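The values are calculated or read from the model by the stated rules, or taken from the named source; none is laboratory data. Remember, predicted model here, so these are calculated numbers, not experimental data. With ideal geometry, Cβ positions are generated from the backbone for all residues, glycine too; neighbour counts draw on all protein chains shown. All accessible areas refer to the heavy atoms of the entire protein, side chains included, with ligands and DNA or RNA removed. Shrake-Rupley method; radii C 1.70, N 1.55, O 1.52, S 1.80 Å.
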Amino acid sequence: MPSHILDFNNGAAWTSKESLIDHYAEKSSTPSKYGIHKRPGALRTAKAKEHPRRTSGLVAFVVLVPIFLGVLGQALEKRSKESKLDGDLNSFNATSRMNATATSPTLASPINTFPLSSSHGTTHKFSFGGSPTSSAAGTGATLSPSTSRTSCFPLGSAKLPSSGTPSISRDDWWCDSDLMYGFMGWSYPLESSDCSDLSNGYAKINQDLAAMKARGASMVRIYAPECRQLSVWENLVKACIQNNLGLIPMVWWGFSGNQNLWKTGQSNIYSLFTTSQYASIAPYVVHSASFGSEPIGDQVDGGATQFVSDLQNFKAKMNGWGISVGISEDWDRTQDGMAMNTSSGALGPVGLLVQANTDIVHAHVMPYYHPDETPYVTDALPYTKSYLAWLQANVQQPILITETMWASTMGFHARGYMDEQIGMGSFQQYWKGFAASCSMWKQYKAGWVFHTFQDTFEPGFGLLTIDNQPKISPFKPTTC
């Protein structure tokens with residue numbers, strides 16, 4: 001998820017960190033579902049909520065009338081979008097959905113229902129199906145059948161060779177998806193488009209991955225790879241081999257106005273498995289791949305119809321190398337068709353198409369950006385548990401939380417409401433809570449990565465400051 005920066009043009013807010021965020025100046029500005037803007041750029045306003053106890057009489061009238069008019073306008077806009085989406089999906093269903101059904105996992109039949117109450121008293125009803133599966137029919141792609149955490153990669157004793165490939169099949173190499181729960185590693189932004197920048201070079205990448213490994217990482221998830229060349233993927237694979245880490249690459253649409261650059265990035269991910277010097281070992285290093293970061297919310301690729309078609313093609317290609325595919329996304333988006341805005345909480349029309357064309361959930365679980373539901377950091381874990389139950393019930397695929405965060409400092413990532421919960425104390429409480437929740441991760445067979453490793457590209461989110469000082473020390477989550 002791109003940075004949520006409250007005011008790029010506020011000189012006072014940026015005085016000490018200008019050098020870190022100059023690269024944001026060219027980024028576009030796109031509305032977010034949270035009432036703030038998702039792309040950093042010019043001044044943006046957050047739709048902060050007024051606490052009920054602070055509004056009365058004329059103040060309430062002045063505040064509520066514009067809100068009512070705003071909500072009415074949003075409802076009309078949403079209806080217009082949904083009508084367009086229906087038209088897109090109707091035209092798409094005649095071809096791509098038939099193909100998706102023939103080449104993708106069959107939806108599990110619900111076998112039980114249970115009520116789930118949120119911490120705010122709202123009760124949702126979910127259908128719960130059987131165990132998540134990851135096989136892609138007709139491709140042989142799986143998220144690995146190894147059943148022991150003691151010997152499989154990347155959790156056990158299995159070690160990537162410095163040359164050649166492991167002597168066993170990829171399926172036997174990787175740990176089973178049911179074993180991939182708890183802390184997995186870090187989200188690693190590579191937001192410089194200059195492929196010669198130190199951040200894209202092997203020395204820096206290897207240094208960072210070694211530091212992650214020392215803190216208990218098993219995998220590294222790549223975020224916002226602005227360099228689209230093969231070299232960055234080769235540097236990552238080389239560093240992963242050196243540090244015995246799994247890799248999750250990403251097809252990235254990007255911050256720039258050129259929204260076709262994703263094709264170059266995708267092509268060079270393919271090259272990693274074909275023409276690269278690491279082609280033979282790449283399937284043993286790459287765990288799974290993300291096709292975009294919040295691509296549905298950002299409406300990339302011209303909308304859902306074209307996006308799902310390209311997702312289907314990407315999945316078919318990656319499955320050929322045994323690599324499972326997901327999209328790094330908020331699966332609970334109701335206004336974008338990912339989820340239904342009903343008490344059942346089921347998948348919406350776009351969600352069903354995405355589900356049919358993915359093997360794994362790369363979930364964005366972000367209580368930080370849901371201040372209406374999680375105003376306090378203490379609300380974060382109940383929210384996360386509720387979200388995991390919803391994913392398990394409705395998507396029925398292996399779950400890896402690829403983006404979750406809390407900011408340690410004000411000024412870079414606004415929540416839009418309850419910003420007083422931003423700070424080092426809340427940051428530490430959030431991540432210590434995640435690290436101590438092994439029973440929850442094991443219950444839902446869910447893994448998670450820390451977004452992000454360092455503050456360099458996403459100020460305030462990193463475990464380490466720009467000076468490589470840890471904000472939580474020690475932070476090495478116990479293996480669940």
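With the full set of protein chains in place, find how many percent of the accessible area of region 165-211 is carbon and sulfur; take the probe as 1.4 Å.
Working: 850 of 1710 Å².
Using a 1.4 Å probe with all protein chains present, region 165-211 comes out at 50 percent carbon and sulfur.
Distance from the Cα centre of region 390-425 to that of region 271-324, in angstrom?
A separation of 25 Å, based on Cα centres.
From the phi of every residue in region 319-325, what ³J(HN,Hα) in whole Hz does the Karplus formula 6.51 cos²θ - 1.76 cosθ + 1.60 yield, where θ is phi - 60° and glycine or proline is x?
My calculation for region 319-325 gives 4, x, 9, x, 8, 7, 10 Hz in order.
List every residue whose amide H lies under 5 Å from the amide H of Asn244, counting only residues 5 or more places away in sequence or on a different chain, with H placed 1.01 Å from N in the peptide plane.
The answer is none.
Spelling out what I want: for every residue of region 220-229, take phi, set θ = phi - 60°, compute 6.51 cos²θ - 1.76 cosθ + 1.60 (Karplus), and round to whole Hz; glycine and proline get x.
The phi angles translate into 10, 9, 8, 10, 6, x, 5, 6, 9, 7 Hz.
Let me make sure I get this right: for region 291-375, a, b and c are the square roots of the gyration tensor eigenvalues over alpha carbons, sorted descending. Under 1.5 in a/c it's rounded, otherwise prolate if a/b > b/c, else oblate. Which is it? List each step's numbers first, then the result.
Numbers: a/c = 1.98, a/b = 1.70, b/c = 1.16.
Because a/c hits 1.5 or more and a/b exceeds b/c, region 291-375 counts as prolate.
Kindly provide log₁₀ I(q)/I(0) values, in the same order as q = 0.15, 0.16, 0.20 Å⁻¹, from the Debye equation applied to equal alpha-carbon scatterers of region 272-416.
Calculated log10 I(q)/I(0) at the listed q: -0.82, -0.91, -1.23.
Under 5 Å between amide H atoms, partner at least 5 residues away or on a different chain: which partners does Gly292 have, H built in plane at 1.01 Å?
The answer is Val251, Ser328.
Give the Kirkwood hydrodynamic radius (Å, one decimal) of region 393-480, defined as one over the mean of 1/r across all pairs of different Cα atoms. If you can, show how the numbers build up before the last one.
On the way: mean 1/r = 0.0709 Å⁻¹.
One decimal place: 14.1 Å for the Kirkwood radius.
Specify which residue in the list Thr274, Val285, Gly345 is farthest towards the positive end of the charge dipole of region 231-357, using unit charges on the beta carbon of Lys, Arg (+1) and Asp, Glu (-1), about the Cα centre.
Ranked along the dipole, the leading option is Thr274.
Which residue, Leu245, Ala224, Gln207, has the largest displacement toward the positive end of the dipole of region 188-270 when charges sit on each Cβ (Lys, Arg +1; Asp, Glu -1)?
Leu245
Along its principal axes, what span do the Cα atoms of region 432-480 show, with the longest given first and each in whole Å?
36, 20, 14
Could you give the accessible area per residue of region 351-480, probe 1.4 Å, as a whole number in Å²? Before the final figure, lay out each step's value.
Values: 3750 Å² over 130 residues.
Dividing the accessible area of region 351-480 by its residue count gives 29 Å².
Please check which bits of region 271-287 a label hung off Ser163 would reach, taking the label as a point 7 Å along Cα-to-C-beta and the cut-off as backbone N under 18 Å.
In region 271-287, the label zone of Ser163 (backbone N under 18 Å from the point 7 Å along Cα→Cβ) covers 277-282.
Using 27 Å as the Cα-Cα cut-off, could you pick out the over-long pairs in Lys238/Lys315; Lys317/Lys385; Lys238/Lys385; Lys159/Lys471; Lys238/Lys476?
Among Lys238/Lys315; Lys317/Lys385; Lys238/Lys385; Lys159/Lys471; Lys238/Lys476, the Cα-Cα distance tops 27 Å for Lys317/Lys385; Lys238/Lys385; Lys159/Lys471.
Return the Rg/Rh value of region 334-466, two decimal places, where both radii are evaluated on C-alpha atoms and Rh is the Kirkwood radius.
Details: Rg = 15.4 Å, Rh = 15.7 Å.
On the Cα set of region 334-466, Rg over Rh gives 0.98.
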